[in-house]
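First the structure, in the form of structure tokens, and then the observations on it.
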């Protein structure tokens with residue numbers, strides 16, 4: 001009786017494992033970007049992303065495009081899920097974990113990449129100054145700068161700076177939580193990877 005049961009169960013289990021394997025092959029890791037000597041030096045001094053990719057459900061993957069944006073090079077930010085997707089050709093997207101804005105500072109809409117800067121300086125905006133009046137006029141670029149290793153500056157359709165950025169961070173332990181004033185934070189290595197791929201003028205959809 002038990003033998004017959006296991007004979008019946010074995011092909012079902014095998015089929016289930018095959019289906020699981022097929023699903024897993026749709027999600028594939030991709031390597032970190034090649035770093036310049038300056039990046040290696042400054043990243044070694046920056047706070048480390050010890051929690052990056054520890055949770056497989058939150059890890060960085062190439063996967064089937066889950067958005068309704070089809071144009072390669074487009075970026076889609078899912079603020080609720082806390083993921084950023086870079087759309088590729090062939091129906092795939094690169095998924096990165098992010099930190100969106102705090103609930104009171106989250107926004108949605110369409111923007112465009114106006115410029116890109118390596119190890120950018122940070123000039124606090126009016127909201128940041130109201131919250132922390134003692135902020136300096138400008139924080140020079142470097143390992144402890146809040147914008148981290150890369151800054152991707154978002155402009156509106158008329159080319160005006162929205163004051164929102166996609167950028168690295170000096171607080172990697174906060175990635176995955178809504179903590180910013182509306183900017184999109186990424187692990188520094190992920191910000192470098194996205195910076196290398198995205199073009200000035202690319203469309204950015206924030207939801």
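Taking the conditions exactly as written (assigned to a loop (DSSP other than H, G, I, E, B), over 27 Å from residue 71 (Cβ atoms) and at pLDDT 95 or above), does residue 142 satisfy them or not?
So residue 142 fits the description; yes.
Can we say residue 147 is touching a strand residue (DSSP E or B) at 6+ places or on another chain (Cβ under 6 Å), assigned to a strand (DSSP E or B) and surrounded by 18 or more Cβ atoms within 10 Å (Cβ to Cβ)?
No.
Can you tell me which residue among 50, 42 is within 16 Å of residue 190 (Cα to Cα) and loosely packed, with under 10 Cβ neighbours inside 10 Å?
After applying the criteria, what remains is 50.
Tally the residues that are out of contact with any strand residue (DSSP E or B) (no Cβ under 7 Å at 6 or more places or on another chain), surrounded by 20 or more Cβ atoms within 10 Å (Cβ to Cβ) and assigned to a helix (DSSP H, G or I), restricting the search to the range 174-197.
Matching residues across the range 174-197 total 3.
So which residues in the range 93-128 are in a strand (DSSP E or B) and either under 15 Å from residue 185 (Cβ atoms) or in contact with a helix residue (DSSP H, G or I) (Cβ under 7 Å, 6 or more places away or on another chain) (or both), if there are any at all?
Matches in the range 93-128: 96, 97, 98, 99, 101, 116, 122.
Please find, among 93, 57, 81, the residue that is closer than 25 Å to residue 31 by Cβ, more than 11 Å from the chain's Cα centre (by Cα), surrounded by 13 or more Cβ atoms within 10 Å (Cβ to Cβ) and without any contact (Cβ under 8 Å) to a residue 12 or more places away in the chain.
That would be 81, the only listed residue that is closer than 25 Å to residue 31 by Cβ, more than 11 Å from the chain's Cα centre (by Cα), surrounded by 13 or more Cβ atoms within 10 Å (Cβ to Cβ) and without any contact (Cβ under 8 Å) to a residue 12 or more places away in the chain.
The values are calculated or read from the model by the stated rules, or taken from the named source; none is laboratory data. Keep in mind it's a predicted model, so treat the numbers as computed, not measured. Don't worry about glycine lacking a Cβ; one is built from the backbone with ideal geometry, like all the others, and counts go over all protein chains shown.
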